[in-house]
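Working notes, beginning with the structure itself.
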Amino acid sequence: MLETLHPDPTFHPSPRLAMEAEAERIAYTVLLSPNQSRPDALAVVDVDPRSKTYGSMLSRLDMPYRGDELHHFGWNACSSALSPMSGHAFLQRRYLVIPGIRSSRIYIVDTQPDPRAPKLVKTIEPEEIFRKTGYSRPHTVHCGPEGIYISTLGGAGPDGTQGPPGVFIMDCENFEVLGRWEIDRGPQKLHYDFWWNLPRDYMVSSEWGLPPQFENGIVAEDLLANKYGHSLHFWDLRDRRHVQAIDLGANHQMALEIRPAHDPTREYGFVGVVVDTTNLEASIWTWYREDGKFHARKTATISPEPADAAKLPPLLKGFGAVPPLISDIDLSLDDRFLYVACWGTGELRQYDVTDPMKPVQAGSVRIGGIVQHAQHPNGRPFGGGPQMTEISRDGKRVYFTNSLYSTWDTQFYPEGVPGAQVMCNVGANGGIELDREFFVDFGPDYGAHQIRLQGGDCSTDSFCYPSA
């Protein structure tokens, strides 16, 4: 009987082995109703170039409620299940865990038996999360060896400001909310993204802001007063204990996406900073551990672009420039290329980070943008700009969508951000080019946010063994 028990074939011990796996054929993309006039949804997209329906939406799963604001989501299990710490070696990468960042509701969606027609199998109501954790506004989902980790942006109370946000754990088999992850929080008071190095036994987390600072749009007064998050936090993963904080400087507002090196022997990673309030530039920072202590250094900057005030939304008219607004970064599985989404200027940049302390720009595409409104190579308009980014396991394709957050979309792109998903092909030695044939139009009734790829992707999996 034991001979029939094998780990899920989409679990890979090392990043290199994951890169050699079969290419993705399906992508799952969350769609949100910007005006909450209809339920949010999960779109199933054909990404198989051999298919007659390549670049189209195969199906759409509508959620039962309105106003969830589906944002980030993840798998119930991934390659971290191969960790020696795991008690769940025979899990399957089968369920998508989809939080509503506005409603604090979580949906569990089963992608089997037909990955093209996923089904909603469980709804976790916000009251359960509030009662068991004291947290609200669930955000990032990561599958860990022993369960599902979910970060939050709000604490208790109607506006999420009664107590700090944090991370809670969910059982990866029955999806019961177990409780708060933190044992010793230390000075951490804000939250956004998190990730880890499993063998080295540490976690890294970042900061955005509390619900009143993002739910109704960016609060300009808070931004100019440097009241958004600007620190990194480092944790002992097994002890669930805060060990160190690094303040990047109050002017470096909104330290968002955390992307550690995939190879666990490499003790470094990257974080994107949305805006420097002294000059509107965006920046990439490299964090690393040396002699037992964590450090962070600004390793790349992207300048704002001067613009006619008449072409700017009211929020930016006084500045006479378009800030890049780094809203997402993603790292290829071989730790070679870092992709940086500049949602404000409408640029996706590719950096060679072979030397993580000296990123070198290797490619760029322009599409959308607050002022440029650059069209897709097929001539179609593209609202918003490059936003949530997902890289294929083999590193040859980079998918991205165009919506950031409904109220922020309205502030920066008053003309609207109709949901779209596009893809870049990656050159063998770097360089990126938009694929002329791949353009998924979700229509004006939906915004499009995070993407997950069938079989795993570069912002999902945690690996326990080094690449040969």
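Computed from the coordinates by the stated procedures, all read-outs in this text should not be read as laboratory data. Keep in mind that what you see is a predicted model, and the values were worked out from it rather than measured. Here Cβ is always computed from backbone atoms with ideal geometry, including for glycine, and neighbour counts include all displayed protein chains.
Placing R0 at 51 angstrom, the Cβ-Cβ distance between residue 239 and residue 407 gives a FRET efficiency of 0.85 after rounding to 0.05.
Using a simple spin-label model with pseudo-atoms 7 Å out from Cα toward Cβ, residue 50 and residue 200 lie 3.9 nm apart. Between residue 319 and residue 184, the distance separating the two model label sites (each 7 Å from Cα on the Cα→Cβ line) works out to 4.0 nm. Taking 0.36 nm per residue of separation and subtracting the current Cα-Cα distance, fully stretching the chain between residue 176 and residue 35 would add 47.7 nm. Dividing the alpha-carbon radius of gyration of the chain by the rule-of-thumb value 2.2 N^0.38 Å gives 0.89.
For the range 172-211 versus the range 349-400, the inter-centroid distance based on Cα atoms is 29 Å. If R0 is taken as 60 Å, the Cβ-Cβ distance between residue 303 and residue 58 corresponds to a FRET efficiency of 0.90. Protection proxy ranking for 458-465, 240-247, 120-127, using the average of other Cβ atoms within 10 Å per residue and placing the highest first: 458-465, 240-247, 120-127. For residue 122, the aspartates and glutamates whose Cα falls under 14 Å of its own Cα, not counting residues fewer than eight places away in the same chain, are 62, 110, 171, 173, 176. Taking every alpha-carbon pair under 8 Å whose residues sit at least 6 apart, the range 2-453 reaches a relative contact order of 12 percent.
Extension gain, residue 251 to residue 221, is 9.5 nm, computed as 0.36 nm per intervening residue step minus the present C-alpha separation. Each peptide in 226-235, 74-83 gets a packing score, the mean of other Cβ atoms within 10 Å over its residues, and the list from highest to lowest is 74-83, 226-235. Annotation: lysines with alpha-carbon distance below 25 angstrom to residue 189 (same-chain offsets under eight excluded): 132, 227, 293, 298.
If you take the charge dipole of the chain about its Cα centre, with +1 on Lys and Arg Cβ and -1 on Asp and Glu Cβ, which of 401, 268, 154 is farthest toward its positive end? Most positive-ward Cα: 401. The stretch between residue 132 and residue 436, if pulled fully straight at 0.36 nm per residue, gains 104.6 nm over its current Cα-Cα span. Post the alpha-carbon centroid distance, the range 401-458 to the range 68-113, in whole angstrom. Answer, in whole Å: 22. Here the relative contact order of the range 350-448, from alpha carbon pairs under 8 Å that lie six or more residues apart, stands at 24 percent. Charging the Cβ of each Asp and Glu at -1 and of each Lys and Arg at +1, and nothing else, the dipole of the range 153-213 about its Cα centre rounds to 220 debye. Charged side chains reduced to their Cβ positions (Lys and Arg at +1, Asp and Glu at -1) give the chain a dipole of some 180 debye around its Cα centre.
Spin-label pair residue 120-residue 355: with each label point 7 Å from Cα along the Cα-Cβ axis, the two points sit 5.2 nm from one another.
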